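Have a look at the structure below, then the notes.
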Amino acid sequence: MKKDVQRKRLALLIADPASDYSQSVIKGVRDQCARYNYDLLVFSTMVKVCHHDQLYLNGELNIYKLVNYDLVDGVLVASLSLYEDQVKSVLEMIEADLRLHCTKPVVSLDLPFAEYPAVYTDDRKAIREVVKHLVRTHHCRKLYLLTGHKDYVVSEARAEAFCEQLQAEGLDASREAVFYGNFWYTGGEEFANRLLFGELDMPDAVVCANDYMAIGLAERLMSYGVKVPDDVLITGYDATKEALFNTVSITTYTPDVYGMAAHGVDMIHAQIEPETPEAEIGELPHCGLQIGASCGCAQSLDAQHWIDRLGLNPRERQRNPDGSLTVNDMQGLHESYMFETLSVIQEKQQILQTITDVSYLLQPYRRFYLVLRNDWSDPASRLTSGYPETMRCVMRTIPQTETPAEGEDRYSTDSEQYCFLTKQMLPALDEKRDEPVVFYFLPSHFSDDTIGYAVLQTAMDARRTADEVVTLWIRNVNNALQMVRIVGRLLDYSIRDSMTGLLNRRGMEIMYKRCMGQIHPDDYLVVWVIDMDGLKLINDHYGHEAGDIGIITIADAIRQIAGKEDIMARIGGDEFTLIAAGDLTEEEGQERIRAFEKILADKNAARSGRPYDITGSIGYVRFPASEMDAFEEMMKEADRRMYAYKTAHKKQRSS
């Protein structure tokens with residue numbers, strides 16, 4: 001077997017990974033990558049690209065800006081999934097990025113895309129099989145086709161196949177039997193109205209170019225008393241779960257999307273390893289005509305397939321070695337009350353630990369990573385495009401079913417050592433592995449504000465992909481992270497002075513209590529009390545705006561003399577406090593006073609035509625950490641020394 005350092009990587013750009021089509025694409029690409037010993041990196045939104053909330057969609061689409069094409073050997077673009085409802089902007093954005101940054105082979109799946117080579121699912125065979133079934137089994141003579149948008153390549157291909165098979169059956173093959181819709185329920189409903197209200201004659205059967213239109217058509221007709229299949233036969237395409245579980249299950253067709261996607265891998269393989277033989281492509285189970293009740297046949301649609309796929313089977317529950325229960329299904333996710341568990345957390349570190357605790361819901365998987373901006377918890381920070389130069393892996397999780405590498409922790413959260421250059425995408429990509437794996441990169445955001453991204457690492461043959469459970473789990477995590485940010489913002493409002501940005505008195509008291517639990521017993525504390533001189537005089541003679549400028553100037557001077565961990569507060573109209581802890585001397589207390597005086601003197605010297613100086617009086621007290629409980633007394637002593645300073649300097653100015 002090839003060594004890990006030589007293993008090739010392919011990137012797959014796709015959307016809405018939990019959809020039936022995208023699941024088939026992912027599995028086809030994944031399985032063929034496994035046959036070539038390639039790692040697979042899947043970059044995906046968790047919603048369709050026609051999502052109604054544009055801001056939310058922008059947050060999702062940002063995941064494609066993470067891709068570093070220098071780190072992969074080829075790129076597959078699932079173009080059909082990126083063109084839902086004829087949304088062109090997403091493919092245009094990806095095309096521009098590929099032209100600018102990618103020199104590797106690119107193959108498009110199921111749709112023409114720029115000048116890149118493309119591979120297609122055989123829709124023509126599928127539609128012809130459906131028509132053949134309706135004519136030969138059910139003796140239909142008058143058939144309509146409801147396809148997608150006019151001039152859309154997929155719509156027209158299915159229309160051509162429909163007409164070709166009608167001709168082969170000796171029926172009228174004119175395009176007058178072809179009607180255009182929108183590949184959505186509403187397209188079927190609108191077509192039903194044309195039949196119901198006499199615009200069109202009722203046919204023997206309607207062949208719909210996808211299941212959604214077939215369902216919309218059937219439901220609208222039945223609501224007006226038209227019986228399906230007694231009065232009209234209806235078929236769909238794509239074999240979705242909605243077709244199976246509809247009021248009348250829809251006869252449909254499972255296209256070989258799996259084989260198409262695998263062939264896309266072959267096309268890249270032929271360019272990057274031309275000397276290696278092409279691997280055989282396996283067959284997708286359940287491929288071909290799937291009989292439902294809507295054509296009048298006895299149902300053959302495999303309900304058990306979808307019960308297993310959706311995780312509705314209790315057999316999917318299993319005990320872990322530690323005795324805990326693993327539930328690998330959507331039902332288990334709901335029963336876990338994950339969202340409720342996360343939504344009550346208010347602390348940054350606690351939310352990361354709780355996310356780790358509920359990661360069992362993602363099993364089976366190899367690793368899970370949560371990568372966030374370094375300032376993700378800062379409520380004032382926003383990022384709406386791209387990613388910062390560095391990111392931090394705030395969470396790495398290894399499930400009980402996997403064995404950690406030597407020296408590797410099973411769980412870890414928010415450590416400085418996991419900060420890395422974003423262009424690496426994930427440091428774990430370069431770890432040594434005996435077998436190829438899949439990495440699913442999914443967006444972490446709230447509305448259009450990007451927080452980071454999540455990465456699920458699985459074995460090539462894992463049942464788990466980026467399915468409904470994974471995408472809903474990550475959405476819950478995204479909402480929980482935003483909740484912590486909002487709480488942080490509200491807390492910030494409650495403990496900070498809005499004018500200066502310094503802490504208010506309540507904030508000072510909260511931070512001082514935290515300081516009490518962290519300071520070393522042998523350290524010292526120094527408390528400076530500062531009072532702005534002449535605020536009332538400035539307000540009375542020059543206006544409150546001038547007084548506000550004076551307060552802000554004093555606050556800026558305090559910031560400049562403060563250390564990184566010091567507590568700075570505005571505790572009254574013109575009163576301020578600075579608190580420092582550590583191995584501090586009396587001389588350092590005096591040095592801060594001299595620095596404060598110089599900063600204000602420089603600011604006054606630089607003033608342009610202002611008829612008054614901005615000055616402040618300052619006093620300090622130094623005391624051992626063992627006397628921290630006497631903070632109020634120490635504040636009073638620092639305050640007394642500040643007034644002594646004020647009196648002395650007032651005499652100097654008047655003499």
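The values are calculated or read from the model by the stated rules, or taken from the named source; none is laboratory data. Remember, it's a predicted structure, so these values are computed and weren't measured experimentally. FYI the Cβ positions are ideal-geometry reconstructions off the backbone, even for glycines, and counts take in every protein chain you see.
Worth pointing out:
- Condition check for Val107: of a type in the set (A, V, I, L, M) and closer than 28 Å to Ala214 by Cβ: no
- Meets criteria (on the phi < 0 side of the Ramachandran plot, in the same structural domain as Gly563 (by TED's automatic domain parsing), surrounded by fewer than 16 Cβ atoms within 10 Å (Cβ to Cβ) and small (Gly, Ala, Ser)) for Ser617: no
- With respect to the conditions (1) part of a loop (DSSP other than H, G, I, E, B); (2) closer than 28 Å to Glu633 by Cβ, Arg506 lacks only one, and its number is (1).
- Pairing each residue of the stretch 175-201 that is farther than 20 Å from Gln165 by Cβ with any residue that is polar (S, T, N, Q) and buried (at least 18 other Cβ atoms within 10 Å of the Cβ), provided the two are 6+ apart or on different chains, yields C-beta distances under 9 Å for Phe183/Thr147; Phe183/Ser155; Phe183/Asn210; Trp184/Asn210; Gly187/Asn210; Glu190/Asn182.
- Checked against the criteria, Thr254 counts as surrounded by 17 or more Cβ atoms within 10 Å (Cβ to Cβ), under 16 Å from Asp20 (Cα atoms) and in contact (Cβ under 8 Å) with a residue 12 or more places away in the chain.
- Every residue from the stretch 605-626 that is touching a helix residue (DSSP H, G or I) at 6+ places or on another chain (Cβ under 9 Å) and either in a loop (DSSP other than H, G, I, E, B) or without any contact (Cβ under 8 Å) to a residue 24 or more places away in the chain (or both): Arg610, Pro611, Tyr612, Asp613, Ile614, Thr615
- Candidates are the residues of the stretch 375-390 that are surrounded by fewer than 17 Cβ atoms within 10 Å (Cβ to Cβ) and of a type in the set (Gly, Ala, Ser); the one that is nearest to Ala454 (Cα to Cα) is Gly386.
- Only one of Ile250, Ile281 that is assigned by TED's automatic domain parsing to the domain that holds Arg128 and among the β-branched types (Val, Ile, Thr): Ile250
- Looking at the stretch 328-374, the helices (runs of 4 or more DSSP H) lying wholly inside it that each contain 1 or more residues that are basic (Lys, Arg) sit at 348-357.
- Every condition in (1) within 25 Å of Met260 (Cα to Cα); (2) in contact (Cβ under 8 Å) with a residue 60 or more places away in the chain; (3) among the aliphatic types (A, V, I, L, M) is met by Leu66 except one, and the failing one is (1).
Rundown of residues vs (1) surrounded by fewer than 16 Cβ atoms within 10 Å (Cβ to Cβ); (2) out of contact with any Ser or Thr (no Cβ under 9 Å at 6 or more places or on another chain), yes/no style:
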position: Ile486; (1), (2): yes, yes
position: Ile551; (1), (2): no, no
position: Ile561; (1), (2): no, yes
position: Ala569; (1), (2): no, no
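- Asp461 being farther than 24 Å from Ser22 by Cα, assigned to a loop (DSSP other than H, G, I, E, B), acidic (Asp, Glu) and modelled with pLDDT under 95: no
- Residue match in the stretch 552-568 (condition: assigned to a strand (DSSP E or B) and touching a strand residue (DSSP E or B) at 6+ places or on another chain (Cβ under 7 Å)): yes
- Any hit, the stretch 292-305, residues being among the hydroxyl-bearing types (Ser, Thr, Tyr), at pLDDT 75 or above and not assigned by TED's automatic domain parsing to the domain that holds Glu219: yes
- Which listed residue is under 31 Å from the mean Cα position of the chain (by Cα) and of a type outside the set (Asp, Glu), from Ile486, Ile549, Ile538, Ile558: Ile486
- Screening the candidates Glu164, Glu199 for the property of being more than 40 Å from the chain's Cα centre (by Cα) and closer than 28 Å to Gly259 by Cβ yields one hit, Glu164.
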